[in-house]
Structure formats: structure tokens, C-alpha cells
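Okay, so here's the structure we're looking at.
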Amino acid sequence: MTAQSCPRQHCATTMDSAALEPTLYTVKAVFIVDNDGNRLLSKYYDPELYPSMKEQKNFEKNVFDKTHKADNEIAFVEGMTIVYKSSIDLFFYVVGSPQENELMLMAVLNCLFESLSLMLRKNVEKRTLLDNMDGVFLVVDEIIDGGVILESDPQQVIEKVNYRADDNPLSEQSVAQVLQSAKEQIKWSILK
């Protein structure tokens, strides 16, 4: 019997395959909280998961309450697969669907943590993170876009983030340094 001749069988097969069908949209959310459970950064990639800010904060509090004293790296909270890591006074979380591969989520978490460690010169703590929040958002955006994992190599992430920072000459130089550099370029072009 084919799927066309038996609509009931086709419908059941379609539903089963849709639930387990592989997808690129691996990550549902990423968030970082301090050691009191206060949100420092969060990005939700599934608008239907927790549509309001209140629901997101309640979810984050629930996750933090269940994980901050645990020695595990994986948790299942509210039907979601969550991998997490702590460092000094920060907790990093990557959230996936219930059937998501924990190894994929852990690769994202490790990439995020190692990229931030490289960017912050191994000083991954709340104050340093807050002082460099623009770079932190760039790192997250280089790793994940709309729930799709783009990169899992911290070196590549840092190179891309630094490349973007170098596009803006004022990002790491003072205005005086830029003007001095421009004067020197003009001087050299006149001497040639």
C-alpha cells in the first residue's frame, strides 16, 4: 500500500518524520547570568518558545535555580535540553529542543566560552564581560545566527570579530592617533 492510497498512514508518517527531521535550527536560546541569577545577556532564537520578556526571565530563573549548585553539564528543564558552564561569577547556558544532540550544544557552549576567554584575555568574569558587552554580542552573533550554528572554532570567531573591529579605525585608536596617521600618509605621499 502506498502513502497515497492510505491517507491515515501517510499522515502518521509525515508527523513522525516532521518531529525527528534534522534541522539547522539547533539552538533555541543562549544566555549568561551572574552568580545571583541576574541576566547579563540573552538571545532567544525561537519566537514561539518564550515570546515575552517575563516568560524568558522566568525560564532563566528556573534554569538557574536548578543548575547553579549542580555538578553536571547537562540539564533538562521545562522540556528543553540545556548545557551549561560556570566561571568565577558567571553561568553560561545554551538551550536546545528536547531531542537536540547534547554534543552539538556543548560545542556551541565551549566555543562561546573559549572565544570570550580569548577576547577577554582569560579574564572571564562579570565586570570584564560588562565592560566588553559589544564584543560579547559580536562573538555570540558569529557563533549563532537565528538558531543556526555558524562557527564552532574559537580562533575563527575571534579572527572574524577582530576583523570587524578593524573595519572601524576609531575602535581601537584615539582620534589623535588617526589624525597623526593621516598626516604621516599625506607627508609620505608628498615626498614621493
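Quick notes
- Near Lys28, the amide H atoms lying under 5 Å from its own belong to Val95, Gly96, Ser97; only residues 5 or more places off or on other chains count, and H is placed 1.01 Å from N.
- Carbon plus sulfur fraction of accessible area for segment 41-132, probe 1.4 Å, in percent: 49 percent
- Largest first, the residues Lys126, Lys69, Lys61 sort by 1.4 Å accessible area into Lys69, Lys61, Lys126.
- Other residues within the sphere of radius under 10 Å centred on the Cβ of Leu90, judged by their own Cβ, net out at -1 (K and R +1, D and E -1).
- Per residue accessible area of segment 93-165, 1.4 Å probe, in Å²: 49 Å²
- When each of Lys54/Lys122; Lys28/Lys69; Lys66/Lys160; Lys122/Lys160; Lys28/Lys126 is checked by Cα-Cα distance, pairs over 28 Å: Lys54/Lys122; Lys66/Lys160
The values are calculated or read from the model by the stated rules, or taken from the named source; none is laboratory data. Quick caveat, the model's predicted, so the values are computed rather than measured. For neighbour counting, all protein chains shown are included, and Cβ atoms are generated from backbone atoms with ideal geometry for every residue, glycine included. Keep in mind that these areas ignore ligands, DNA and RNA; they rest on the heavy atoms of the full protein, side chains included. Shrake-Rupley method; radii C 1.70, N 1.55, O 1.52, S 1.80 Å.
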